[in-house]
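The values are calculated or read from the model by the stated rules, or taken from the named source; none is laboratory data. Computed from a predicted structure; not experimentally measured. Cβ sites come from the backbone with ideal geometry, for glycine too, and all protein chains shown count toward neighbours. SASA here: full protein model, heavy atoms, side chains in, ligands and nucleic acids out. Shrake-Rupley method; radii C 1.70, N 1.55, O 1.52, S 1.80 Å.
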Amino acid sequence: MLDTPIAASTLVMLDSRHVEWTAAVSGGAPNGCSYTSDADWLPSASLAALSGVATAGECCALCWSETLCAASVFVGSDKTCFLKEDLTGGSIARPQHVSCVKKRGAAPSLVIKAQVPGDLLTDLERAGQIGNPLYEKNFLNDTLYQQHNWTYATHFGLPDAHLSTGGRIQLVFDGIKMGARIAVNGVPVGLANDQFARYRFQLFTQKHKLLRGAKANVLTVEFDPTIDCGGRFMACTGGWDWAPYTHTYQRGARIMSKGIWKGVYLAIDQPGGVAISHVVPQITYRGSYPTRALVDGAHAGFAVGVRVHLSAGLPTKGTLSLTPGWSVAGRQPGALAVSVAVDLPEGESNVTLHADADARAIKLWWAAGMGSQPLYNLTVSFSPEGSADAAPPVVVRALRRVGFRYFALVTGNDTDPAYVKEAASAEGTVSHGMYWRLNGAPVYAKGANMIPMEELEGRMSAEAHRRLVRSAAEGAFNTLRVWGGGMFLPDAWYDAADELGLMVYHDMQYAQAGHSPKAEPIQEAELRHVVRRLSAHPSIVIWDGCNECRVVMGSSTAVYASFVMTVVAQEDSSRAVWPSCPALGWTGGVRRLDATPTGKPLTTPPSGTAIETHGYYQHGGGFPAVNGGRSLNPFDPEMPLKLTPTPTGIHLPNVFASEFGAVVFSSFESMAPTLDPKHWSLHAGQPYDNCTGGFESLCRGENVMAERNYPGDNMIVSYFGPKADAYFNSSGERVFKKQLYQSMLSQALNVKAMIESRRARNELGVLVWQYNEIWPTGGWGSVEYGTPVEGQVIGGRWKPLQYMYKRSVFQDVMAVCGAGGQCYVRNDLPGRAFDGVVEISALEIASGGKRVLAKLQASLPAGPGATYFFNVNLTEISSATHILTALCHAPTGAPSGPAAVTAVGAAGVDGVYSFNELPLAPPSALALPTATVTATAATSPNSDGSVNISVRTDRTALYVTLTTLANGRFSDNAFALTGSAVLKFIPFGLLNLSQLTKSLRVEHLQQNL
C-alpha cells in the first residue's frame, strides 16, 4: 500500500513493482538458556515480574517470549520470574535465585523472495516456509520470524545525470513496522522504530559509496527484535478481543508482523531544487455560525489557506504557486492561481498560500444521504530560479483533492439564539449533549467503528479498502470511526470516504496495553506527519486523542491534551478536536460552537455529564476461550422490545453513543478455510482448554476454537433456547453451518434491538462496535474479513446485521413496534421534514397472510430526533404465530428522498424509506412450518452487471439468508419470504457468474432451530 510520495525533481521507486527484494535470516536459533544457580543481575529493575511460574525452564521460555529480555531470574521460593533487559551491572550472587541467560544455537540459512510493501509473515507463507498464519493455531508458531534478525535487501541504481551534477538524495520510507536498522552499501543510514512515522535519510555520494549502474547500490533494512519501539506500532498487532493473540511481546505489548509496509523511494532534487513533503489545506467557512442548511451559491464562501512544507538541500530562491481547481463563471480555469517569490533556507520550511472559494465557484460537500460529494484539485508547484549557464529548472508539483464543508461538533443547545450569541466568543464545550452539524444541517450520525482490515500488511489491498467504504455507504452509514488501537489507514480508504460521503471520526493511534504516548521527538514527528498527510480529506471531521483513555488534567492522561492534541491542533486548526473517545469535552482551547482549536491551551474537566458513551457490549460466553468465559450467562433477549415514549430532538439534552455491540461469528464460507474440517464446530470437536487470566486469557491445550476470541454459546442459547454442551462440540459441515447461522442471526437481532431502543431515546449518534473483522473469528463485525483469500469476499461479505442496517435501522425514517403495541416512527432526515405513510402489519406465519393493523399519514418536523409515538392493537396477535412489519414510504407519486430502499417485503411499493421486520418473540418461541426454500441464479447478468436471484418457498420462511463465494452482496437478505421473490446479486468488481451459480446456497430459520 503506497502513500502519496514526496514531490521532488525525480523519484526512484524502490517497491517491488520496480526492484527485486529478498529477506534473509540471521542470528542463531533459540536454544534455551544457560542456567546459573544462586545468581541475579544488576541493575535490579526488571521489564516484568511474572508470578505463578513453576520452573526455571518456564522462566527461560518467558524470557524468549519477550523480545527485549536479555536474561530472566527465577525465584523458586515464591514462583516468580523476573525479566531483565539491562545487564550492564553484571551478575551478583543471590541465594535461591536462578539466572537464565538466553542461549542460541547455529544460525539457519534461509533467503526468500520478499514483497515491498508487505510483511515478513506473508513473505514466508508465499515462500512455503510457514503455513497460512490464520489457519488453526499457526500464528502461535512464531520462532522463525520473531526470534531472529531478518534483513531485507535490494539493489538500485541512480540516474547518471544526478551523479554528474550533484543535488540532494533523500531515501524515504513511508512506513516501517517494528525496529530496523537501515544501511546503504553497508554504511549505516539510520534506525526506524515507529510504524506510523515517515523516515527520510539524506544520502551522500562519497559517504554512502554511491555508484553508477542499474543495480550498483545495495539497500538493506535489518529487523532486530531487540530494538525498542516504545509501543509505536499497531496496538492490536498480536491480539485484541477480535484478533489472534500471539504469545510474543515487546515490553509487554503483543507483537506479530513486521516489514516495510508502505512505500520506499529516493526523492532526488536537481541542484537548487526543493522537495514538497506535504501540502496542508486549511479550509474555513467565512460566514457566521449556521443553524440551517447552507445552500449552494448562497452562502458566505470559504477561505483556503494552503500550508506547503518544503525541504531544500541548499538555500534556494524560486516561485511557489497555487492553482485551485475551481473557477468563477466567466473566468478561465486557473484564473484564481496565486504565486509568490520565496527565498527558502537550507532544510525544512513552510509557506502558506491563500485563495478564496466564492459560493458561486464551488459546491458543498455533503455526507452520504445529504447531497453530493464534489471534490476539487489543488495544485502546488515550485519553480526554482534559473541561471544562464544552468539546465532548465525542473518544476516540482504536488496535487491534493479537497471538498468544501463546515462541520461543527455541538455540545450546547444551538437552537437557542441566545446560546449561539453567548457561545460565539466562548471557549470550551458544555454538556447539553453531543451531536453534529454539517453545513449548518443537524446530522444523526450512524455507522460503526473501523478496525484494521489486516494483521498481515502484505495482504492489504487498496480495492478491498475502497470496497469496505462502499459497503458502509450502501448499508446507509454516514459515519465511520477510525479506532485508536489500529492504524492510520491507506490512502484508498480515505479517498473512498471523500468520494462516498462517509464522515470520519478519527482517533490518534494510541490505546492501552503499552501504547500510550510520550512527549518525545519521534512521536511528535509521527503526529505532525499523519495530520499533514491526511489534512486534505474533507471526510475527516474530528480528530481525537485516543481510544478510551479519559483525559484528566494533572493525571497521567493529561499528555493527550498537553501533547497529542496540542500537536494535532497546531497542524490542523480547521477541524473539530476532541480529547478522546469517549470524552466529557473541553474546558478550554476550542471554540464552544464547533470545537475547533483556538490556539490556547487545551484543557479538560475533572468530571461532568456523560454526553458520549461506550457500551453496552454483549460479550460471548459458555466455553473456555481467550476472551469470554466458561460461564454461560444467558440473558433476556427482550423480544418484543420494551419502548417508553421519550421526548426527543436536538433542543433537548442528548447523548452520542460511539461504541456498543454484540459478539458474532462469520459465515461457514469465511470460517471453514481457516480450520481443519474435523474442527468445523464452535467448540472444535476437541477437548476443552484450560484458560486462565481474565479478559485476555492464556489457553493451555489443543482446542483451536479457544483461540477464536469469544465463544457464542450464550448468544445462541438466549435466542434459540437451551442447547446441550454436546451440540456446541458437535463437528461437521451441517452442524457448523447451523451454529454459525444461529450466531449471526443472534447478533443481528441483538444489535438491531439496541439501535431501535436508542432511537426511541434522545441519542443523536450511534456507532456500533464494530464494523469489519480482521480475521474469521468470534468478533463483533457486521462485515466479514475482507481480504480476498480463500473463502473471503473482497471488502468483506455482509452478515445479516449489515442488511438490517440497510433495510431499516440505519435509514433516516424508520418505525418500530414493541411490547403492548407501543410503536414509534422517527425522522432523522437532516434538517428535513417527513410527510409520508407508516404502515404496521401483522404477518401470520402459518398462512403467509398479512393484515394491516395501522396506517398513518405521518407528518414529522425536520430531523434529526423528530419522533412520534403511537399504539397498535395487538390483542388478537400471538407472538408465537405472527411477526410485525413496519413500512415507511412516500405518498403515492412522491419521491422518497435520496435513495429508495429495496426490500423483499416491500416489493411493489414505490418510495420506500424503510422496511422493518419485527418478531414479537425470540426464534425459539416461534411456531414455524417446515419449509423448503430454493434459490436460483439467472444464467446471464442484467445490463447493470447484477444477476437476478429467484427465491421460492412452499411455506412461510423467516430470515431467509443467501450466501455465495462470489465477490458481491445481495440487494436484500435475512428476510421473511412467502411464496416467491426476485432479488439481485450485486458484484463487487468483475462478476464471476460460474462461481456465483456453483456456490449459491440458501438457509432459513426453521431449518436452523
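Restricting attention to region 45-59, the residues that are part of a loop (DSSP other than H, G, I, E, B), more than 9 Å from residue 84 (Cβ to Cβ) and within 41 Å of the chain's Cα centre (by Cα) add up to 3.
Restrict the check to region 202-210 and report whether at least one residue is touching an Asp or Glu at 6+ places or on another chain (Cβ under 8 Å) and not in a strand (DSSP E or B). Full working, then the answer.
So the first thing to find is which residues in region 202-210 are touching an Asp or Glu at 6+ places or on another chain (Cβ under 8 Å), and the list is none.
No - not one qualifying residue is present in region 202-210.
Given the condition in a strand (DSSP E or B) and crowded, with 24+ Cβ neighbours inside 10 Å, answer yes or no: does some residue in region 387-401 qualify? Checking region 387-401: at least one residue is in a strand (DSSP E or B) and crowded, with 24+ Cβ neighbours inside 10 Å. If you go through region 908-924 and keep only what is open to solvent by 20 Å² or more (accessible area, probe 1.4 Å), in a loop (DSSP other than H, G, I, E, B) and touching a residue at least 60 places away in the same chain (Cβ under 8 Å), you end up with just 922.
Would you mind stating whether residue 792 is of a type outside the set (A, V, I, L, M) and either in a loop (DSSP other than H, G, I, E, B) or more than 35 Å from the chain's Cα centre (by Cα) (or both)? So residue 792 passes the test.
If you go through region 641-673 and pick out every residue that is in a loop (DSSP other than H, G, I, E, B) and either within 24 Å of the chain's Cα centre (by Cα) or buried (at least 22 other Cβ atoms within 10 Å of the Cβ) (or both), you end up with 7.
Within region 20-41, count every residue that is open to solvent by 60 Å² or more (accessible area, probe 1.4 Å) and at pLDDT below 95. Number of matching residues: 1.
Is there a residue in region 831-843 that is open to solvent by 30 Å² or more (accessible area, probe 1.4 Å), of a type in the set (Lys, Arg) and more than 25 Å from residue 762 (Cα to Cα)?
Step one: of region 831-843, the residues open to solvent by 30 Å² or more (accessible area, probe 1.4 Å) are 831-833, 835, 839.
After this cut, where a residue has to be of a type in the set (Lys, Arg) as well, the list is 832.
With the extra rule that they be more than 25 Å from residue 762 (Cα to Cα), the set shrinks to none.
Scanning region 831-843 turns up no residue that is open to solvent by 30 Å² or more (accessible area, probe 1.4 Å), of a type in the set (Lys, Arg) and more than 25 Å from residue 762 (Cα to Cα).
Search region 690-719 for residues being closer than 17 Å to residue 254 by Cβ, touching a helix residue (DSSP H, G or I) at 6+ places or on another chain (Cβ under 9 Å) and assigned to a loop (DSSP other than H, G, I, E, B), and hand back the single one that is modelled with the highest pLDDT. Looking at the filtered set, the residue picked out is 708. Taking the condition open to solvent by less than 40 Å² (accessible area, probe 1.4 Å), assigned to a strand (DSSP E or B) and not assigned by the TED database to the domain that holds residue 200, does residue 355 pass? Taking the combined requirement at face value, the residue satisfies it. The combined condition, being farther than 13 Å from residue 100 by Cβ and open to solvent by 20 Å² or more (accessible area, probe 1.4 Å), is fulfilled by residue 48. Kindly indicate the residue of region 865-881 that is free of Cβ contacts under 8 Å to residues at least 60 places away in the same chain and open to solvent by less than 90 Å² (accessible area, probe 1.4 Å) and also nearest to residue 924 (Cα to Cα) among those meeting that condition. Ranking the candidates gives 880 first. Exactly one residue among 867, 875, 885, 881 is within 37 Å of the chain's Cα centre (by Cα) and farther than 28 Å from residue 442 by Cα, and that residue is 885.
Sub-6 Å Cβ pairs linking a first residue in region 513-541 that is open to solvent by 30 Å² or more (accessible area, probe 1.4 Å) to a second residue that is among the β-branched types (Val, Ile, Thr), at least 6 apart or interchain, are 524/567; 532/280, ordered by first then second residue. Within region 777-822, the set of residues being aliphatic (A, V, I, L, M), open to solvent by less than 10 Å² (accessible area, probe 1.4 Å) and within 27 Å of residue 240 (Cβ to Cβ) comprises 783, 793, 801, 804, 809. Of 153, 197, 214, 183, all but one fail to be of a type in the set (A, V, I, L, M, F, W, C) and open to solvent by less than 10 Å² (accessible area, probe 1.4 Å); the exception is 197. Between a residue in region 421-448 that is β-branched (Val, Ile, Thr) and any residue that is surrounded by fewer than 24 Cβ atoms within 10 Å (Cβ to Cβ) and part of a helix (DSSP H, G or I), which pairs come within a Cβ distance under 9 Å, given they are 6 or more apart or on different chains? That search, which allows pairs on different chains as well, returns 430/419; 430/423.
Does residue 859 satisfy the condition of being closer than 30 Å to residue 293 by Cα and among the polar types (S, T, N, Q)? Talk me through it step by step, then tell me what you get.
On the way: closer than 30 Å to residue 293 by Cα: yes; among the polar types (S, T, N, Q): yes.
Judged against the criteria, residue 859 is a match.
When you check residue 748 against the structure, is it assigned to a helix (DSSP H, G or I) and either buried (at least 23 other Cβ atoms within 10 Å of the Cβ) or without any contact (Cβ under 8 Å) to a residue 40 or more places away in the chain (or both), yes or no? Yes; evaluated as a whole, the condition is true for this residue.
Among residues of region 227-282 being open to solvent by 10 Å² or more (accessible area, probe 1.4 Å) and of a type in the set (Phe, Trp, Tyr), the one that is nearest to residue 149 (Cα to Cα) is 249. Across region 604-632, the qualifying residues are those that are touching a residue at least 60 places away in the same chain (Cβ under 8 Å) and within 14 Å of residue 551 (Cα to Cα), and the one among them that is surrounded by the fewest Cβ atoms within 10 Å (Cβ to Cβ) is 608.
Can you pull out the strands (runs of 3 or more DSSP E) entirely within region 412-513 that have at least 1 residues that are over 22 Å from residue 805 (Cβ atoms) and among the hydroxyl-bearing types (Ser, Thr, Tyr)?
Numbers: elements: 435-438, 441-443, 445-450, 479-482, 503-507.
In region 412-513, there are no strands (runs of 3 or more DSSP E) which contain 1 or more residues that are over 22 Å from residue 805 (Cβ atoms) and among the hydroxyl-bearing types (Ser, Thr, Tyr).
Quick one: would you say residue 68 is within 37 Å of the chain's Cα centre (by Cα), within 23 Å of residue 230 (Cβ to Cβ) and in a helix (DSSP H, G or I)? No, not satisfied.
When residue 123 is tested against (1) open to solvent by less than 20 Å² (accessible area, probe 1.4 Å); (2) over 28 Å from the mean Cα position of the chain (by Cα); (3) acidic (Asp, Glu), exactly one condition is not met: (2). Which of the residues spanning region 550-562 are under 24 Å from the mean Cα position of the chain (by Cα) and closer than 18 Å to residue 595 by Cα? 550, 551, 560, 561, listed by residue number. Screening the candidates 862, 846 for the property of being in the same structural domain as residue 919 (by the TED database), closer than 24 Å to residue 931 by Cβ, open to solvent by 20 Å² or more (accessible area, probe 1.4 Å) and in contact (Cβ under 8 Å) with a residue 12 or more places away in the chain yields one hit, 846. So which of 685, 712 is closer than 16 Å to residue 668 by Cβ, touching a Gly at 6+ places or on another chain (Cβ under 9 Å) and surrounded by fewer than 23 Cβ atoms within 10 Å (Cβ to Cβ)? Among 685, 712, only 685 is closer than 16 Å to residue 668 by Cβ, touching a Gly at 6+ places or on another chain (Cβ under 9 Å) and surrounded by fewer than 23 Cβ atoms within 10 Å (Cβ to Cβ).
How many residues are in a loop (DSSP other than H, G, I, E, B) and either open to solvent by 10 Å² or more (accessible area, probe 1.4 Å) or among the aromatic types (Phe, Trp, Tyr) (or both) when one looks only at region 552-574?
Of the residues in region 552-574, 6 are in a loop (DSSP other than H, G, I, E, B) and either open to solvent by 10 Å² or more (accessible area, probe 1.4 Å) or among the aromatic types (Phe, Trp, Tyr) (or both).
Give the residues of region 938-968 that are under 27 Å from residue 469 (Cα atoms) and part of a strand (DSSP E or B), sorted by residue number. Let's see the steps before the verdict.
Of region 938-968, the ones under 27 Å from residue 469 (Cα atoms) are 941-949, 959-968.
Residues satisfying the conditions are 947, 948, 949, 959, 960, 961, 962, 963, 968.
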